[in-house]
Amino acid sequence: MGTILLFYKYVHIENPEAMRKWQRGLCESLHLTGRIILAHEGINATLGGTDEQIATYVQTMEKHGLFGGIDWKYAQGGAQAFPKLKISVKEEIVRLGVDPNQVTVADTGVHLTPEQVHELIRTKGKDLVILDTRNDYEYAVGKFEGAELPPIKTFREFPAYVDQQLEKYKDKEVLMYCTGGVRCERATAYLVQKEVAKTVYQIEGGIQRYIEKFPNGYFRGKNYVFDARVAIRVNDDILANCTQCQTPCDDYINCTNVLCNKHVIVCSSCSVSLENACSPECHNLILSKQTKARAPFAKL
Ligand SMILES: [Zn+2]
Ligand SMILES: [Zn+2]
């Protein structure tokens, strides 16, 4: 089946453009697909390939002076999980929209192991603020019990949200989490710099590492990921409802009306009757287009 490799590292890269060329050569020689983002502040990547190709990539990276000690994460998948290979150079490896020289991992929150996180939630419960740093469509299908859920569509909106809520974190212990940990490295630093919270924590390796240790723990539902798998079931809780019929459902579809293409939760019976459209409106549009396309033949 193959492997999906996920990793990041905050490390100073003097020449991200030269690194981009090196990564491109390496990935193309191994026929990997996926996405790599490079910046002066580091590297963030998701790649797909055969088990052997991914193993060779990891070995090569580990020999490189900058990329030792990476927490490699593996999932089942392969090159087919991504449409192509895309390597880009940006200001930040995850876009928080804040100057990477101002908010750096030098101020990052305290890393806790999954076991320490589990114990913290078990013992602190109500005194602890658990803050999700992900987007609304991610936590819609899975989240930590009792977590605060910022109404954001992208990570760039997170700083403004935190700015409005600072009172809430005053003298509190705050545990922040995201999918694999990369967003929290700087999101926690952002809150630490506000100097309001007593302690700011993050999960080492994010939700992914926590659910490996505690599949039936405080994280409920599905873990949303950014590849063809969409969301991985962690336990039996279903947190969302079909947007059409409201029955419990946590499966996403992409609307087949290409002008809409909305990423929405629709149950299997509704998606059959709507032919994978997100709504009756989009379904009608698709039907009317099909009618128009058939029209010339109908006249014959
Ligand atoms: Zn439905
Ligand atoms: Zn639609």
What is the extension gain from Asp136 to Val258, computed as 0.36 nm multiplied by their sequence separation minus the C-alpha to C-alpha distance, in nm to one decimal? 41.7 nm
What's the magnitude of the charge dipole for the range 83-181 around its Cα centre, counting Lys and Arg as +1 and Asp and Glu as -1 at the beta-carbon? Answer in Debye, nearest 20. 380
Dipole size in debye (nearest 20) for the chain around its Cα centre, Lys and Arg Cβ +1, Asp and Glu Cβ -1? 980
So for R0 = 51 Å, FRET eff. of Lys124-Cys245 from the Cβ-Cβ r, to 0.05, ends up at 0.85
Would you mind calculating the gained length between Lys198 and Ser288 on full extension (0.36 nm times residue separation, minus the Cα-Cα distance), in nm to one decimal? 26.5 nm
Solvent-accessible area per residue for the range 105-179 at a 1.4 Å probe radius, Å²? 46
Could you check the simple spin-label distance between Asp99 and Ile70, using points 7 Å along Cα→Cβ, in nm with one decimal? 3.0
How much solvent-accessible surface does Phe214 expose, in Å² to the nearest 10, with a 1.4 Å probe and all protein chains in place? 50
I'd like to know which of Gln165, Ser29, Tyr10 lies farthest towards the positive end of the charge dipole of the chain, counting +1 on Cβ of Lys and Arg and -1 on Cβ of Asp and Glu. Ser29
Dipole of the chain, positive end: most advanced residue of Val174, Gly97, Gly49 [Cβ charges, Cα centre]: Gly49
Computed lengthening from Val272 to Thr154, 0.36 nm per intervening residue step minus Cα-Cα distance: 39.5 nm
Counting only protein heavy atoms and using a 1.4 Å probe, what share of the accessible area of the range 149-274 belongs to carbon plus sulfur, as a whole percent? 51
Computed label-point distance, nm, for sites Lys170 and Glu91 using a 7 Å Cα→Cβ extension: 3.2
Can you flag which of Lys86/Lys153; Lys63/Lys153; Lys143/Lys198; Lys222/Lys289; Lys198/Lys262 are past 30 Å Cα-Cα? Lys63/Lys153; Lys222/Lys289; Lys198/Lys262
Keeping every protein chain in place, order Leu66, Leu112 by accessible area at 1.4 Å, biggest value first, i.e. largest first. Leu66, Leu112
For the chain, what is the convex hull volume of its Cα atoms per residue in Å³? 168
For the range 95-174, take the convex hull of the Cα atoms, compute a quarter of its surface area, and give me that in nm², please. 6.1
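The values are calculated or read from the model by the stated rules, or taken from the named source; none is laboratory data. Remember, it's a predicted structure, so these values are computed and weren't measured experimentally. We place every Cβ from the backbone using ideal geometry, glycine too, and count neighbours over all the protein chains shown. When the accessible area is computed, the model is the full protein with side chains, heavy atoms only, and any ligands, DNA or RNA have been set aside. Shrake-Rupley method; radii C 1.70, N 1.55, O 1.52, S 1.80 Å.
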